[in-house]
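Take a look at the structure set out below.
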Amino acid sequence: MPTYDYLCGNCGHKFEQFQSMTAKLLRKCPECKKMQLKRLIGAGSGVIFKGSGFYETDYRSKDYKDAQKKEKEKREKKDTKAKDETKKSKPDKKAKSTPKPNSK
Ligand SMILES: [Zn+2]
């Protein structure tokens, strides 16, 4: 049986309640007796998210993958740049170290 977190919108009382999936939501706060309870989706009711998996795949995937792609492209660009620089720097060093013949 999953545990649900409830938070009272009136007095802020927070508590956990064991309930079956089909049980009615609680509305009445045991502290102030107002019908201000809200069920929190949290660690206690993780079953819901694990079951559907929409959090991981549907909700996040597009933005997340786009960001990852961009990051990868950035890194690849950096890599090629770095390689270019090392390629360039080698002949540069040679040219510098080799004394130019002053035959003019
Ligand atoms: Zn309350």
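Every read-out reported here was derived from the displayed coordinates using simple, explicitly stated rules and does not represent laboratory data. Remember, predicted model here, so these are calculated numbers, not experimental data. Note that we place each Cβ from the backbone using ideal geometry, even for glycine, and neighbour counts take in every protein chain shown.
Sort the following peptides by mean Cβ neighbour count (other Cβ atoms within 10 Å, averaged over residues), highest first: 64-75, 12-23. Can you show the working numbers first?
Numbers: 64-75: 10.1, 12-23: 12.2.
Most protected by this proxy first, the peptides run 12-23, 64-75.
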Cα-projected label distance for Lys74 with Lys34, points at 7 Å along beta-carbon direction, nm: 4.6
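Contour minus end-to-end for Tyr64 and Lys100, with contour as 0.36 nm per residue of separation and end-to-end as the Cα-Cα distance? Could you put the intermediate results ahead of the total?
Numbers: separation 36, 0.36 × 36 = 12.96 nm, distance 5.46 nm.
That pair, Tyr64 and Lys100, stretches by 7.5 nm at full extension.
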Summed side-chain charge close to Lys70 - residues other than Lys70 whose Cβ falls under 12 Å, Lys, Arg +1, Asp, Glu -1: +1
